[in-house]
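Asker: First the structure, which I've put down as structure tokens, then a few questions once you've had a look.
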Amino acid sequence: RFQACVYFASVFQAMSCGIHYLASVFMAVTPNFVCGFPGNVSSVLFHNSSASSIEDIWTLWTSTENYIVVQLENGEIWELDQCSRSRREVSLDLAYEYKGNKSVFPCSDGFLYDDTKWKSTVVTQWDLVCDREWLAKLIQPTFMLGVLIGAVIFGDIADRLGRRRVIWFTSAGQFVFGIAVAFTFDYYSFVIVRFLLAMVSSGYLVVAFVYVTEFVGIKARTWASMHVHAFFAMGIMIVALVGFLVRTWWVYQIFLSIATLPFVLCCWMLPETPFWLLSEEKYEDAQKVIDTMARWNKVSTPCKVSELCSVQQDDLASGRTGDDDTSSAKKHNILDLFCNWQIARRTITVWLIWFTGSLGYYVFSLSSVSLGGNEYLNLFLIGAVELPCYIIACVAMDKLGRRNTLIPFLILSALICVLIMFIPQDFNILIILANMAGKFSIGVAFGLIYLYTAELYPTIVRSLAVGSGSMMCRVGSVVAPFCVYLRSVWIFMPLLLVGIMALLSGILTIMLPETLGKPLTNTLMEATEMGRNKKSCSEKTPPAHSGAALEKIEMFGQERVSTDK
């Protein structure tokens, strides 16, 4: 009961991370627009259609190559393009086609935007179009850069100051910075505050995963850790719902930020984890938490910290007598992940899978609003498809194995990317379903790689391997928005890139060893042998002193397995 309450309270706030990660899909949308004009308009002409105001023309707008002809009250006739305007020298009759002389002017009077769908976005607020369009395209990449930096900073702080303090700060920070974004006064302050919001959002996701992992028992740890991502997906669904209801960007941002306010008000009641308290030798505080857990769970014979400490000391003593090298283990660095050809090939493959998983995840998510049809429903479905995805991943990885689940879903996602290219653009429903299938398949692979990486590497470099993999994951999330922008070059370019990366990752995964049912390795030699001989690791009897270590790894090993999306 106690663990369930702590778990659901903590992962509830993970929805806020999903909210802020994808909020820009509606906040930074660029509507149809044309140059402004100097004066009051008397009539508007678009091809064969005429109107008294430009607002009546937007429903006929079909391409950025179009232009609008307006006649002002002073008789001047102007042609309005998106990034320029021209005045006709001879203004006798109002006609759409004109072969005479024209004087071209820049858009010094601002721009006119189509507000039928969105009353206001950050693009319309600060005119992030034409020569300032690149500023709009930097909004999501700079946010993802903040995600990268925040995960590194707050992950380290959580090890030093405790999980609970970081959870307090980052959850409060999400609320404060989320509200502050709505009241920024210019583009640069907007980007800076969003960058800080990204840091605390990423930091919360990192520490919350560690927090719930340290409270949840071994039996439920795989399912509990995997479904932290499910709450992230629910945050994406909330973005779609709020975007549908609220069409002004700063009001939209406020509603998204207050969605998880209840957690901010009660997060101070969450306890520190006993594991961290014991590691810091705060035994009295650890005993208080354990006693609280016992009362909630109605345990008549609660565990005593003194018993835990005595067992730990016995394990350490046996470890020292069993192997003197263990007590004087050297420090390891990133080069140890390339110590031999077998491990180096494994590292390159794992890094590629991390990168591909993150790239595909965000390409499918960010592209969902451009698939045609109802963009709000598209994003909602892209988030909803993740919920069964993680259930399938949990079942398949325990029944079929890690590698045997990863390979088919990576290759399937590549095939779906190719399939989408051959679907006619008029078949919106079929395109949306195919994209959902692609998000589902890449989501299975993305969720599985966390645990698989931890099992592929020995104890001495396991955290280093997972940490380096998560860095590649964040690199993929930074690259993904730029990949989506390549739609302007060719509409299928993002899918082509994701498909190539997924196919390459799936093929290289064939060379990885299966880890299901095999003991965790302790040395690089054991990890190398696991790749060379399928039977060597499964039949190898671990040293006598490593039994307790293996048990602790199963207790703590997934602490850093998942960092953030």
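Asker: Would you tally the residues in the stretch 413-429 being under 17 Å from Y362 (Cα atoms) and open to solvent by 10 Å² or more (accessible area, probe 1.4 Å)?
Answerer: Adding up the residues that qualify gives 1.
Asker: Can you name every residue in the stretch 448-469 that is small (G, A, S) and closer than 15 Å to P519 by Cβ?
Answerer: The one that is small (G, A, S) and closer than 15 Å to P519 by Cβ: A454.
Asker: For the stretch 460-471, which positions are of a type outside the set (D, E, K, R) and either crowded, with 20+ Cβ neighbours inside 10 Å or at positive phi (or both)?
Answerer: The answer is V461, A465, V466, G469, S470.
To keep it simple, each residue is scored yes or no on (1) over 24 Å from the mean Cα position of the chain (by Cα); (2) among the small types (G, A, S); (3) open to solvent by less than 30 Å² (accessible area, probe 1.4 Å).
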residue: A480; (1), (2), (3): no, yes, yes
residue: V489; (1), (2), (3): yes, no, no
residue: M501; (1), (2), (3): no, no, no
residue: M511; (1), (2), (3): yes, no, no
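Asker: Which members of the stretch 42-58 meet the condition of being of a type outside the set (G, A, S) and surrounded by fewer than 17 Cβ atoms within 10 Å (Cβ to Cβ)?
Answerer: Within the stretch 42-58, H47, N48, E55, D56 qualify.
Asker: Among the candidates V152, V123, which residue alone is modelled with pLDDT under 90 and out of contact with any Gly (no Cβ under 7 Å at 6 or more places or on another chain)?
Answerer: Of the residues listed, the single one that is modelled with pLDDT under 90 and out of contact with any Gly (no Cβ under 7 Å at 6 or more places or on another chain) is V152.
Asker: Pull out all pairs, ordered by first then second residue, where Cβ-Cβ is under 8 Å, the residues are six or more apart or on different chains, the first lies in the stretch 123-137 and is more than 10 Å from T30 (Cα to Cα), and the second is surrounded by fewer than 17 Cβ atoms within 10 Å (Cβ to Cβ) and of a type in the set (D, E, K, R).
Answerer: Note: pairs meeting the criteria are W126/R132; W126/D186.
Asker: Having 2 or more residues that are β-branched (V, I, T) and touching a residue at least 60 places away in the same chain (Cβ under 8 Å) is the bar; report the helices (runs of 4 or more DSSP H) wholly within the stretch 373-428 that clear it.
Answerer: 402-421
Asker: Those residues that are of a type outside the set (A, V, I, L, M), free of Cβ contacts under 8 Å to residues at least 60 places away in the same chain and open to solvent by 10 Å² or more (accessible area, probe 1.4 Å), I need them from the stretch 430-458; list them, please.
Answerer: Result: F440, single match.
Asker: Related question: Test of understanding: among R165, R132, which residue is assigned to a helix (DSSP H, G or I), over 29 Å from G75 (Cα atoms) and over 26 Å from the mean Cα position of the chain (by Cα)?
Answerer: Going through R165, R132 in turn, just one is assigned to a helix (DSSP H, G or I), over 29 Å from G75 (Cα atoms) and over 26 Å from the mean Cα position of the chain (by Cα): R132.
Asker: I want to confirm something. Restricting to the stretch 75-105 and keeping residues that are part of a loop (DSSP other than H, G, I, E, B) and touching a helix residue (DSSP H, G or I) at 6+ places or on another chain (Cβ under 9 Å), which single residue is surrounded by the most Cβ atoms within 10 Å (Cβ to Cβ)?
Answerer: The selected residue is Q82.
Asker: Kindly provide the set of residues from the stretch 3-36 that are open to solvent by 10 Å² or more (accessible area, probe 1.4 Å) and of a type in the set (S, T, Y), ordered by number.
Answerer: Answer for the stretch 3-36, where residues must be open to solvent by 10 Å² or more (accessible area, probe 1.4 Å) and of a type in the set (S, T, Y): Y7, S24, T30.
Asker: Related question: For the stretch 190-201, does any single residue satisfy the condition of being open to solvent by 40 Å² or more (accessible area, probe 1.4 Å) and closer than 28 Å to Y390 by Cβ?
Answerer: No - not one qualifying residue is present in the stretch 190-201.
Asker: Counting only residues that are more than 17 Å from the chain's Cα centre (by Cα) and either at pLDDT below 85 or not in a helix (DSSP H, G or I) (or both), how many does the stretch 429-451 have?
Answerer: The qualifying residues number 1.
Asker: Taking the stretch 106-115 as the search range and keeping residues that are outside any strand (DSSP E or B) and surrounded by 13 or more Cβ atoms within 10 Å (Cβ to Cβ), which one is farthest from the chain's Cα centre (by Cα)?
Answerer: This residue is D109.
Asker: When residues of the stretch 174-189 are filtered for being surrounded by 24 or more Cβ atoms within 10 Å (Cβ to Cβ) and farther than 22 Å from D127 by Cβ, how many remain?
Answerer: Number of matching residues: 2.
Asker: How about the stretch 123-147: which of its residues are under 14 Å from F33 (Cα atoms) and either among the β-branched types (V, I, T) or not assigned by the TED database to the domain that holds L245 (or both)?
Answerer: Within the stretch 123-147, V123, T124, V129 qualify.
The values are calculated or read from the model by the stated rules, or taken from the named source; none is laboratory data. This one's a predicted model, so the numbers in the text were calculated from it and none came from an experiment. Cβ coordinates were reconstructed from backbone atoms using ideal geometry, including for glycine residues, and neighbour counts include every protein chain displayed. These area figures cover heavy atoms from the full protein model, side chains too; ligands, DNA and RNA do not enter into them. Shrake-Rupley method; radii C 1.70, N 1.55, O 1.52, S 1.80 Å.
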